[in-house]
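These notes concern the structure reproduced below.
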Amino acid sequence: MAEPLLEIKDVHVEFEVRDGIVHAVDGVSYTVNRGETIGIIGESGCGKSVTAKAAMQMLPKPGKVSQGEIIYHRRSKFDPSKPQEVVNITQLDPDGELIRHIRGGEFAMIFQEPMSSLTPVYTTGTLIGEALALHRWVPVTVGEQMSNKIMQYRHVTKEESREIAIEMLQKVGIPKPHERVDAYPHQLSGGQRQRVMIAIALSCEPFMLIADEPTTALDVSIEAQILDLMRELQQSVEMSIMFITHNLGVVAEMAKEIVVMYMGKQVEKADTVKVFYEPKHPYTRALLQSIPKVGRRTSERLASIKGMVPDPFHLPSGCVFHPRCPSFMPGKCDVIKPKYIEVEPDHWVRCLLYEDV
Amino acid sequence: MLSYIARRILYMLIMIILVSFVSFLIIELPPGDYLTIKLQQLQSVGDRSALLRVDEYRARYKLDQPVLVRYWNWITNFVKGDFGEAFEFERPVREIIGQRALMSVILALSSITIVWLLAIPIGVYSATHQYSLGDQIVTTLSFLGLGMPGFLLALLVLFFAMMVLKVEVGGLFSREFQDAPWSFAKVIDLLKHIWIPALISSVTGTAGLVRIMRGNLLETLGQPFVEAARARGLKNSVVTWKHAVRVAINPLIVILTSEALPSIVAGDALVATVLNLPTVGPLFVSALTSQDMFLAGTILVFIVLMTMVGSLVGDLMLAALDPRIRLD
């Protein structure tokens, strides 16, 4: 039975800017289970990253969660048998102690731009050490009571930190980790930098890894290596992955479940296999059709979704996808806002084709 | 790295020789410089001792020799520490500058310290609180500071102190300490006086540096590594100072060394003139107007020297601070 780690419940995120309010995320709900991978797909600017940042309680200004909650079932890192604590992340102080323990220590994040995600003036060893100093604890037996050991936890020392850093660099496949631990980011290639980011993220043994388009800026061959690495590491430690991407091919390999987003709305959610073989929402279908296929005649044009992403200040009435939708039903789609319904067990979709109207 | 430093020092030497030659030519170029006038005066007196002194000057500065010989004479003496005579004061240049150099250095260093102590925290605040009321106030004030010339501010302060506070501002010492030998009481007296000129001459610098710091930091705060540092669980203040400021401040190091070092020699001459400060700046201005050639030339060479040493030190500090530009 899947055990929930993070529940995102009907989350709305607003950005109040000079020209009005942008609803960057408009009612998104999904659950990340322990040890499983969930894929969040959609075009650029559809709110996938914003949802992930809301889960870290680090929305960029002036964004705020205006509705909904993000529930984290927190297990003690030291003693898994202790009862779980329920934390509503949206209620936490963004610079408070608890969220800072969660960030990095329990939820780690890797980013889209490995080239500039590492502070240029510090060595990889220093950067990994920074995370270790915050989140990695070393158990020390301070005494024994009957058969139970009394444990205490202390911070890692400098030497230990260096050793762990070398070990992590080795784990993520960086050659000559003993030398690379003293390398500055500019001395590494893009793929190596993303490996270092992963090393930092995993060095503190988090429960969840949020991967925000981790391979977008990398070569295809490097991309495959990084994905393999993430899968391998996920198996060796029990870790959930929230995989954010616009690349359907990548998500098919990684995720068990897929959430499709469009203009801040969650339009479909189902098992990966179902999304690929029985897509329900016209947007999902259009996305799948726009994947280039090998063996297709070269004269044939690639399928693309017609029209443009609408201006966030002037969202279309009714269903936000209707101006671009191939199954547009005049008089319905441009008037009625579709509801998010479960059309089959565990297959949710937001489309009027599946509603009686 | 060592060969780079050696190369830089070599270029510096060549540059200094060129600059010193050009400044020597400029010193010599206009008719009616101090030495010529002096010789004419002595000749018109016409008595034996006056004529003897004319011959002495001729021999000392090799006046009947070609330019290159005169230049060589000047520059070799310069290297030996003999900068020639300040004719207006009838004393060696070395002595005249020496008296004021200490005050110049003290004033420049205190003004640089004020600039950095104020500008960095204000700039950081202004960037981290972008568009807040505090940032708006800082921005307005810094534009005012940038726009107001230092000497005007000095005049305003003088006026305000005289008319409203009825105290005397200006100079670096009270009257009783003016010519007194150095003592603890004199140092205290100096500290009592120096903060006003130091503050005035740091206004423009502070305003400029606040703007640069704010701009650099805003750009850095938008970089992904700042977000990545926050996502690692660091405190906001640690993210700001250890990651963002640490990267944003690097370009400012060059400003510190390449602008501050020359200002040690001849800081803001106008402010110093208005406030009647015994520093090198006003001396340089008066030497230029009275064409007191050896005095002006000496100060000019020192300014150039400081500028070049400053930019070299700046580059080396930058290399030490920022691994990306380190030369292997």
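Among the listed residues B:L109, B:L52, identify the single one that is modelled with pLDDT of 85 or more, open to solvent by 40 Å² or more (accessible area, probe 1.4 Å) and either within 23 Å of B:S290 (Cα to Cα) or part of a helix (DSSP H, G or I) (or both).
Criteria check complete, one pass: B:L109.
Using the structure shown, decide if A:I258 is assigned to a strand (DSSP E or B), away from every other protein chain (no Cβ under 14 Å) and either crowded, with 19+ Cβ neighbours inside 10 Å or in contact with a Gly (Cβ under 9 Å, 6 or more places away or on another chain) (or both).
Answer is yes for this residue.
Condition first: surrounded by fewer than 17 Cβ atoms within 10 Å (Cβ to Cβ) and at the interface with chain A (Cβ under 7 Å from one of its Cβ atoms). Now tell me which residues in the range B:236-247 satisfy that.
Answer for the range B:236-247, where residues must be surrounded by fewer than 17 Cβ atoms within 10 Å (Cβ to Cβ) and at the interface with chain A (Cβ under 7 Å from one of its Cβ atoms): just B:N236.
So which of A:D334, A:D311 is in contact with a Gly (Cβ under 8 Å, 6 or more places away or on another chain) and without any contact (Cβ under 8 Å) to a residue 40 or more places away in the chain?
Answer to the selection: A:D334.
Filter the range B:71-87 down to residues that are closer than 21 Å to B:L283 by Cβ and open to solvent by 80 Å² or more (accessible area, probe 1.4 Å), then give me how many there are.
0
Do any residues in the range B:38-64 that are free of Cβ contacts under 8 Å to residues at least 60 places away in the same chain have Cβ atoms under 7 Å from those of residues that are of a type outside the set (A, V, I, L, M, F, W, C) and open to solvent by 90 Å² or more (accessible area, probe 1.4 Å), where the two are at least six apart or on different chains, and which pairs are they?
B:L42/B:R53; B:R58/B:D64
Condition first: aliphatic (A, V, I, L, M), modelled with pLDDT of 80 or more and open to solvent by less than 40 Å² (accessible area, probe 1.4 Å). Now tell me which residues in the range B:180-204 satisfy that.
Result: B:L190, B:I194, B:I196, B:A198, B:I200.
What's the number of the condition B:L172 fails, among (1) open to solvent by less than 50 Å² (accessible area, probe 1.4 Å); (2) closer than 22 Å to B:R211 by Cβ; (3) under 23 Å from the mean Cα position of the chain (by Cα)?
(2)
Residue-by-condition table, conditions (1) open to solvent by 30 Å² or more (accessible area, probe 1.4 Å); (2) charged (D, E, K, R); (3) outside any helix (DSSP H, G or I); (4) not assigned by TED's automatic domain parsing to the domain that holds A:V138:
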position: A:E160; (1), (2), (3), (4): yes, yes, no, no
position: A:I164; (1), (2), (3), (4): no, no, no, no
position: A:M168; (1), (2), (3), (4): no, no, no, no
position: A:E179; (1), (2), (3), (4): yes, yes, no, no
position: A:I226; (1), (2), (3), (4): no, no, no, yes
position: A:L233; (1), (2), (3), (4): no, no, no, yes
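Tell me the strands (runs of 3 or more DSSP E) entirely within the range A:75-157 that contain at least 1 residues that are within 14 Å of another protein chain (Cβ to nearest Cβ).
Filter on the range A:75-157 gives A:107-110, A:137-145, A:148-155.
Taking the range A:38-74 only, how many residues are open to solvent by 40 Å² or more (accessible area, probe 1.4 Å), within 13 Å of chain B (Cβ to nearest Cβ) and not charged (D, E, K, R)?
So the answer is 2.
Among the residues of the range B:255-271, are any more than 8 Å from chain A (Cβ to nearest Cβ), outside any helix (DSSP H, G or I) and either among the polar types (S, T, N, Q) or open to solvent by less than 50 Å² (accessible area, probe 1.4 Å) (or both)?
yes
Anything in the range B:210-235 that is within 27 Å of A:L202 (Cβ to Cβ), open to solvent by less than 40 Å² (accessible area, probe 1.4 Å) and touching a residue at least 24 places away in the same chain (Cβ under 8 Å)? List them, or say none.
Matches in the range B:210-235: B:T220 only.
Output the residues belonging to the range A:296-310 that are open to solvent by less than 70 Å² (accessible area, probe 1.4 Å) and either of a type in the set (D, E) or over 19 Å from A:Q266 (Cα atoms) (or both).
A:A303, A:G307
Looking at B:A319, B:A287 in this structure, which one is within 14 Å of chain A (Cβ to nearest Cβ), touching a residue at least 40 places away in the same chain (Cβ under 8 Å) and either part of a helix (DSSP H, G or I) or in contact with an Asp or Glu (Cβ under 9 Å, 6 or more places away or on another chain) (or both)?
B:A319
Which of the residues spanning the range A:16-47 are in a strand (DSSP E or B) and not β-branched (V, I, T)?
Result: A:E16, A:G20, A:H23, A:A24, A:D26, A:G27, A:S29, A:Y30, A:N33, A:G39.
When you check B:T220 against the structure, is it modelled with pLDDT of 80 or more, away from chain A (no Cβ under 14 Å) and in a helix (DSSP H, G or I), yes or no?
Here the answer is no, as B:T220 does not meet what is asked.
The values are calculated or read from the model by the stated rules, or taken from the named source; none is laboratory data. If you're wondering where the values come from, they're calculated on a predicted model, not measured in any experiment. As a convention, Cβ positions derive from the backbone with ideal geometry for all residues, glycine included, and neighbour counts pool all protein chains shown. These accessible areas exclude ligands, DNA and RNA; they are computed on the full protein's heavy atoms, side chains included. Shrake-Rupley method; radii C 1.70, N 1.55, O 1.52, S 1.80 Å.
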